[in-house]
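All remarks here apply to the structure that follows.
Please treat every number below as a calculation from the coordinates, not as lab data. Treat the numbers as computed from the prediction; the structure is a model and nothing was measured. Positions of Cβ are generated from backbone atoms using ideal geometry, with glycine treated the same way; all protein chains shown enter the neighbour counts.
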Amino acid sequence: MTDREEGFHYRDGDLYCEDVHIGDLCAKHGTPLYVYSHAALTGQYTALAEAFEGSDPAICYSVKSNSNIAVVRSLARLGAGADIVSGGEMHRALKAGVPPEMLVYAGVGKTDREIGDALAAGILLFNIESVPEAYAIDRVARGMGVTAPVALRVNPDVDAQTHRHTTTGKKGTKFGVDIDRAVSVYKELNELPNLDLCGVHVHLGSPVTTLSAYEVALDRVAALVRSLRDVGIASVRMLNVGGGLGIAYRDETPIDVGEYAACLRRHADDLNCRLILEPGRFISGASGIMCTQVVYRKEAGHKTFIIVDGAMNDLIRPALYDGYHAIRPVVGAGRDTETVDVVGPVCESGDFLAKDRDMERAEQGDVLAVFSAGAYGFVMSSNYNSRPRAAEVLVMGAAASVVRERETVEDLTRGESIPPALLGDG
């Protein structure tokens, strides 16, 4: 982690985010602590936008990857839209300044209320995941006297070699409609008067690190669009390719953004469709770290445990996905290495940040940086074991702003109450 363009770099063994010393941030705000680099966030978005220069895609940032409104605002100022999957995410995106006409609404379980709110806001598009959902959107739109713009999500049966929990493009997942049924489904939905079948949507999963997966999937989607036009359904004018672009957590080789853009543009141009992109991890992943302090070193026979104050409730990717995150000292990098497990205080054997990891020696009181935690880090955190959630800080040059305050123990019971019958001694 020495590349200044990533937002995090070492100076004389100490870690900085842009021009802010991470150790100073942790001393001031405590740990666990999430720190985001504005330069890294905006740099990743700009690199993607420049790769598509001249083609006018709708780049809709995937809010589920990191939903802090300061993060979303940083991207909205550059022209980003938002890919949302809930009413709460729509609220966040609108509050952050994303224009409603740049919102794409995905998700398999949209409620009538969520559909109605999105139609009232005037969103760009719904990604439809099933036939019953299409009927629900048509019904709500008819009741409101409007037409709903929709794209059917098709499942191309492409294995993008992602984790089983994040594979979405294979048959048998809960997402989308099998591509071999898509023409008949489009025909059925074309009879619904309050739907505008303006697009087709495909998403392979995440993180995707091979361009060949996109090539195969888009070839199949292109064949579908041509088949639709052959049977008289000519309304498809948007090609939504989803997100999923991977980053380098360890030794992966991410897809070259220029080659990715060329692949997508070729297919979109051939179909005369506007591209919609839904990047999340690609933008926010390497733009954030989680800082955690060593509470104890525990020697247990043949194994050494580094017990830290950050846990699976703060960063669940290692426990949930076997996700790898580089871990290094915040101060005094360059020490001798040792093999350890880095674990948290939650009462679960699955509470770990790293297992059998060769890393620089860490002593009690040291602060460690868990890298590439900007995506699916804080946003997936919880209060398990009644642990208050971490604070979030956004760094812009030499300035650091708290963009989410650390929760307190009082926050944990806010909204709870004891029934009158349980009050008193009896």
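Per-residue Karplus couplings for the stretch 296-307, computed as 6.51 cos²θ - 1.76 cosθ + 1.60 with θ equal to phi - 60°, are listed in order as 8, 9, 10, 8, 10, x, 8, 10, 10, 10, 9, 8 Hz, Gly and Pro entered as x.
Short-range pairs are left out: with C-alpha atoms under 8 Å and at least six residues apart, the relative contact order of the stretch 308-373 is 42 percent. Taking 0.36 nm per residue of sequence separation and removing the Cα-Cα distance, the ALA121/SER227 pair yields an extension gain of 34.9 nm.
Only lysine pairs 8 or more places apart, or on different chains, with alpha-carbon atoms under 16 angstrom apart are counted in the chain, and they number 5.
Footprinting exposure proxy ranking of PHE305, PHE8, fewest other C-beta atoms within 10 angstrom first, gives PHE305, PHE8. If both residues of a DSSP beta bridge must be in the chain, then about 50% of such bridges are antiparallel.
Sorted fewest first by neighbouring Cβ atoms within 10 angstrom, HIS203, HIS9, HIS91 come out as HIS91, HIS9, HIS203. Compared with the alpha-carbon gap, the fully stretched path from THR304 to HIS9 is longer by 103.4 nm at 0.36 nm per residue.
By the helix-only formula, in which each DSSP H run with n ≥ 4 contributes -39500 (n - 2.57) and the sum is divided by residues, the chain has a 222 nm mean residue ellipticity of -8000 deg cm²/dmol.
Cα centroid separation, the stretch 369-426 to the stretch 330-358: 23 Å.
The label-point distance for ILE418 and ASP269, in a model that sets each label 7 Å from Cα toward Cβ, rounds to 7.0 nm.
The stretch 34-95 and the stretch 105-119 have Cα centres spaced 20 Å apart. Backbone amide hydrogens, once placed in the peptide plane, bring CYS198 within less than 5 Å of VAL150, excluding anything fewer than 5 places away on its chain. By the combined test of axial Cα extent (at least 18 Å) and Kyte-Doolittle hydropathy (mean at least 0.0), the qualifying DSSP H helices of the chain come to 38-51, 131-144, 211-230.
Stretched out straight at 0.36 nm per residue, the stretch from VAL146 to GLU188 would grow longer than its current Cα-Cα span by 13.2 nm. Once C-alpha pairs closer than 8 Å and six or more residues apart are averaged by separation and normalised to the residue number of the chain, the relative contact order reads 19 percent. Computed on the stretch 334-402, with alpha-carbon pairs under 8 angstrom and 6+ residues apart, the relative contact order is 23 percent. Modelled spin-label separation between ALA47 and VAL131, with each label point placed 7 Å from Cα along the Cα-to-Cβ direction: 4.4 nm. For ALA82, the residues 5 or more places off, or on other chains, whose built amide H falls under 5 Å of its own are TYR61, LEU103, VAL104. Each listed q (0.09, 0.11 Å⁻¹) maps to a log10 I(q)/I(0) for the chain, found by the Debye formula over equal Cα scatterers with no solvent: -0.60, -0.86.
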